[in-house]
Every structure is written in C-alpha cells, then in structure tokens.
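Structure, as structure tokens:
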Amino acid sequence: MLPLDVLKNAKNKKVVLHTSDQMRYTGYLNDFDVYANTILSKAEYQSLENRSYLGLCVVQGGTLSYIEIIE
C-alpha cells in the first residue's frame, strides 16, 4: 500500500502530525494533496512550551516528519 493510499483510508479519522521542528498537530484529517499538505478540522497545536486550539488548519507537507493515525 502506498503512503497516499494510507492517508486516503485515514480521511475523517483522528491523526497526529509530527513536524520536523518538534511540533504536533492533532485533529481530524479532512483532506490532503500529493505533497502531503494536510487539512485538519478540530485541530490542536502543541509545542514543547504550549498548547492551543486552532479549529480548521492547513499543515505544510514539507514540514512533516511522520503522521500517526489514532482512530
């Protein structure tokens, strides 16, 4: 199974996006493109120092280290 097929199967599921700069975005995967740019709904952002609610957000695929599928 190809990585984009895995993301396709994860649509509308809860995911955690881990970025190369040690940040995490948690939310429900709405959509993505071939560059792994992702759109999350009900998103939360967490860095080493703080945490905040974002709602709907777009995370640039070039910053992603890996994607963890929760549900």
### Task
Determine which member of the set VAL6, VAL34, VAL59 is within 11 Å of the chain's Cα centre (by Cα) and among the aliphatic types (A, V, I, L, M).
VAL59
### Task
Please specify each residue of the range 55-71 satisfying the condition of being part of a strand (DSSP E or B) and surrounded by 10 or more Cβ atoms within 10 Å (Cβ to Cβ).
GLY55, LEU56, CYS57, VAL58, VAL59, LEU64, SER65, ILE67, GLU68, ILE69
### Task
Residue by residue through the range 9-19, note down the ones that are closer than 13 Å to ILE67 by Cβ and more than 10 Å from the chain's Cα centre (by Cα).
ASN9, ALA10, LYS11, LYS13
## Note on the structure
Scanning the range 4-44 for residues that are touching a Gly at 6+ places or on another chain (Cβ under 9 Å) and among the aromatic types (Phe, Trp, Tyr), the one farthest from THR63 (Cα to Cα) turns out to be PHE32
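No value in this document is a laboratory result; all are computed from the given coordinates. Because the structure is a prediction, the values reported are computed rather than measured. Ideal geometry is used to build each Cβ from the backbone, glycine not excepted, and the neighbour counts take in all protein chains shown.
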